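The values are calculated or read from the model by the stated rules, or taken from the named source; none is laboratory data. Note that the coordinates shown come from a computational prediction; the quantities given were computed from them, not determined experimentally. With ligands, DNA and RNA removed, areas are computed over all heavy atoms of the protein, side chains included. Shrake-Rupley method; radii C 1.70, N 1.55, O 1.52, S 1.80 Å.
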Amino acid sequence: MAKAKIKTTESELKILQLLWQLGPSSVRTINDELNKTKNTGYTTTLKIMQIMAEKDLVTRIKDGRNHIYSAAVEQHAAQRQLLDKLLNGVFGGSASKLVMQALGNHEPSKKELEEIKKYIDSLEGGES
């Protein structure tokens, strides 16, 4: 059985990231976190999360007067699908072009470079 495509807007993805980070949360908690980087109205956050529930991106349970939302999609699955879309849509399926662009746009730390080298070694069957 094929997995359903995860289709999110930028706002929905930000909310999913917060739910993956914080775990099950109320709209107020998510809205407070969003407001740390961009002024977002409570009703806007509520509406987006209601739409996300309709799209099966989140689940919600009633807890007294509040609804508690949880991510209904796994972070790894969403990352994989979004990366595949980016890789195929922007980089013509070339992983090397994607990696070179990412490394060119972001100066990796020494630790990140070590992790990348270890990963490449493991792909080549070597040891690091």
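Short version: what are the Cα gyration tensor semi-axes of the stretch 63-128, square root of 5 times each eigenvalue, largest first, in whole Å?
Those come to 32, 18, 13 Å.
What share of Cα pairs, in percent, lie more than 18 angstrom apart in the stretch 10-52?
Value for the stretch 10-52: 9 percent of Cα pairs lie more than 18 Å apart.
For the chain, find the longest principal axis of its Cα atoms and tell me its angle to the long axis of helix 75-90, 0 to 90°, nearest 10.
60
In degrees between 0 and 90, to the nearest 10, how far off the longest principal axis of the chain does helix 10-22 point, with axes built from Cα atoms?
90
What is the diffusion coefficient of the chain in µm²/s, taking the Kirkwood radius over Cα pairs and the Stokes-Einstein relation at 20 °C with a viscosity of 1.002 mPa s?
125
Could you tell me the accessible area of HIS106 in Å² (1.4 Å probe, neighbours in place), rounded to the nearest ten?
About 100 Å², rounded to the nearest 10.
Relative contact order of the chain: what whole-number percent is it, with Cα pairs under 8 angstrom and at least 6 residues apart?
20
Leaving out ligands and nucleic acids, note down the accessible area per residue over the chain with a 1.4 angstrom probe, in whole Å².
76
Given only helices, namely DSSP H runs of n ≥ 4 each adding -39500 (n - 2.57), what is the per-residue ellipticity at 222 nm of the chain, to the nearest 500 deg cm²/dmol?
-18500 deg cm²/dmol
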